[in-house]
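One structure below.
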Amino acid sequence: MVVISLVMLVLTSGFSVQIQRWNLKNTAKASAKEMFAQIDVILSANQEELTRTVEEYAETCLLHADNVAYILKMNPEAIEDVDELKKIAAFVGVDEIHIFDETGKIYAGTEPSYYGYTLDSGEQMAFFKPLLFSKNARLVQEVTPNTAENKPMQYSAIWSEDGTYIVQVGLEPVHI
């Protein structure tokens, strides 16, 4: 009787342990599935937020170009004054300003070493070639190494209100 009771106790205990392990395993799986579902929702929301932020930032970049174009419209002599353009860049919150003529050649800006570069000077600059065909175009480029120094920059460009020159502003990625 003692042996049978002992055997039954061992079998019942073993069975109970197996049921508890199985129950814990299923609970852990269910918790993991729920956690991964929550993570998936968070990642989707983050992706949507990132997309919206990138779009808003592109609009901000174009706004910077609009602001520079407006300031230059009110103060056209500043186009030929590098120091004044640097002040405008600091005021607007951009790192570089470039002024292109109607053919797509830089003739003024905060970086005199870039004067003479054209929209044909490199792949990065060629992104803005559509401006030559549409004075209504407003372009924002992703962060890309620039043509002159191969340093990462994000540029945006628009035509001046009177359509006589292109205003391009550049931001270093630290702003982004």
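The values are calculated or read from the model by the stated rules, or taken from the named source; none is laboratory data. Predicted model, so just to flag it, every value in this text is computed and none were measured. Cβ placement follows ideal geometry from the backbone for every residue including glycine, while neighbour counts extend to all protein chains displayed. Heads up: the accessible areas ignore ligands, DNA and RNA and are worked out on the full protein's heavy atoms, side chains in. Shrake-Rupley method; radii C 1.70, N 1.55, O 1.52, S 1.80 Å.
Annotations for the structure displayed:
- Qualifying positions in the stretch 118-168 - β-branched (Val, Ile, Thr), in a strand (DSSP E or B) and under 16 Å from Tyr107 (Cα atoms): Thr118, Ile158, Ile166, Val167
- Residues being part of a helix (DSSP H, G or I), of a type in the set (Lys, Arg) and surrounded by 10 or more Cβ atoms within 10 Å (Cβ to Cβ) are represented in the stretch 51-63 by at least one member.
- Of all residues in the stretch 64-101 being at pLDDT 95 or above and among the small types (Gly, Ala, Ser), the one that is most open to solvent (accessible area, probe 1.4 Å): Ala90
- Members of the stretch 89-108 found to be in a loop (DSSP other than H, G, I, E, B) and among the hydroxyl-bearing types (Ser, Thr, Tyr), listed by number: Thr103
- Within the stretch 102-122, the set of residues being farther than 22 Å from Asn136 by Cα, in contact (Cβ under 8 Å) with a residue 12 or more places away in the chain, open to solvent by less than 80 Å² (accessible area, probe 1.4 Å) and more than 25 Å from the chain's Cα centre (by Cα) comprises Pro112, Tyr117.
- Number of positions in the stretch 166-176 that are under 18 Å from Ile88 (Cβ atoms) and either within 13 Å of the chain's Cα centre (by Cα) or open to solvent by 20 Å² or more (accessible area, probe 1.4 Å) (or both): 3
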